[in-house]
1. Mind checking which strands (runs of 3 or more DSSP E) fall wholly inside the range 166-261 and carry at least 1 residues that are among the hydrophobic types (A, V, I, L, M, F, W, C) and at pLDDT 95 or above?
2. Among residues belonging to the range 113-151 that are touching an Asp or Glu at 6+ places or on another chain (Cβ under 8 Å) and within 23 Å of VAL29 (Cβ to Cβ), point out the one that is surrounded by the fewest Cβ atoms within 10 Å (Cβ to Cβ).
3. Looking at the structure I just gave you, is ARG34 of a type in the set (D, E, K, R), crowded, with 21+ Cβ neighbours inside 10 Å and farther than 25 Å from PHE196 by Cα?
4. Against the definition (among the aliphatic types (A, V, I, L, M), farther than 24 Å from GLU213 by Cα and free of Cβ contacts under 8 Å to residues at least 60 places away in the same chain), how does LEU56 come out, yes or no?
5. Please tell me if LYS26 is farther than 20 Å from TRP251 by Cα, touching an Asp or Glu at 6+ places or on another chain (Cβ under 8 Å) and surrounded by 21 or more Cβ atoms within 10 Å (Cβ to Cβ).
Amino acid sequence: MNSIKTVILCGGLGTRLKEETEYKPKPMVEVGGRPILWHIMKNYSHFGFNKFVLCLGYRGDVIKNYFMNYEIRNNDFTLTLGNGNMQVHNSHSENGWEITFAETGPLSMTGSRVKQIEKYIEGDEFMLTYGDGVCNVNIEKLLTYHRSHGKIGTVTGVLPPSRFGELITDGERVQSFNEKPQVHTGGFINGGFFIFNKKFFEYLDTESGCILERTPLEKLASEGQLNMYSHEGFWQCMDTYRDYEYLNNLWNSHKAEWKCW
């Protein structure tokens, strides 16, 4: 399992979160003082998946610089002036992360980005997710499910949180208030956290307008080659500033359900 690579889409413009993304890509927007991208990678790493391919686009240099300077950002270190020698006093738990930074174009769509990193996938399987959503899905169980059905692809289906707070009332008296209840209508949505057989690259194109969620996944589904792994636990994307505030409030109040490490 440790050889399976996790591909993370990190190249979008994040226009609906302009307050935070004017000078950095959305995966670098912080939750609890760390980029949301780091939270996603920590979840995969918790289950033993430490090899990542980051599909870069808009302001990809910010992501590169963050990880290139990761050791001195997150450790004590001793620097000897004059000769530039530096000793890092390692204390973080991200040892062994192998990260491939792949420039996939500032305006490329999701399918094009994935196709462009095909050369970095050596094994028969790879994982894929978005760089702006956190979830407490069990990656080991997801992989076991994917291997059990033998299809080309697996997508994690999630129950989306409501955009509005839910009021449970007795007449005019509010009995309970739930800020982001899940919608339990049986209507699962694409939560990301995919697993694909390498055959999926045949459905993709490097042409910049290739959208993963359109023709490639639609064709895969029409051929009976896409199964859904149902996840009824926590899932939250960060599309808007309201989502950003919500995730940070959860982290700061020690209610971050996606934190499994």
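The values are calculated or read from the model by the stated rules, or taken from the named source; none is laboratory data. These figures come from a predicted structure and were not determined experimentally. Here the Cβ positions follow ideal geometry from the backbone for every residue, glycine too, while neighbour counts run over all protein chains shown.
1. 194-197, 226-231, 235-237
2. Per the criteria, the residue is ASN136.
3. On the way: of a type in the set (D, E, K, R): yes; crowded, with 21+ Cβ neighbours inside 10 Å: no; farther than 25 Å from PHE196 by Cα: yes.
No.
4. no
5. Values: farther than 20 Å from TRP251 by Cα: no; touching an Asp or Glu at 6+ places or on another chain (Cβ under 8 Å): yes; surrounded by 21 or more Cβ atoms within 10 Å (Cβ to Cβ): yes.
It is false that LYS26 is farther than 20 Å from TRP251 by Cα, touching an Asp or Glu at 6+ places or on another chain (Cβ under 8 Å) and surrounded by 21 or more Cβ atoms within 10 Å (Cβ to Cβ).
So that you can scan it fast, the table gives a plain yes or no per residue for (1) touching a helix residue (DSSP H, G or I) at 6+ places or on another chain (Cβ under 7 Å); (2) of a type in the set (Asp, Glu):
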| residue | (1), (2) |
| --- | --- |
| ASP205 | yes, yes |
| SER208 | yes, no |
| GLU223 | no, yes |
| LEU226 | yes, no |
| TYR229 | yes, no |
| GLN236 | yes, no |
| GLU245 | no, yes |
| LEU250 | no, no |
| HIS254 | no, no |
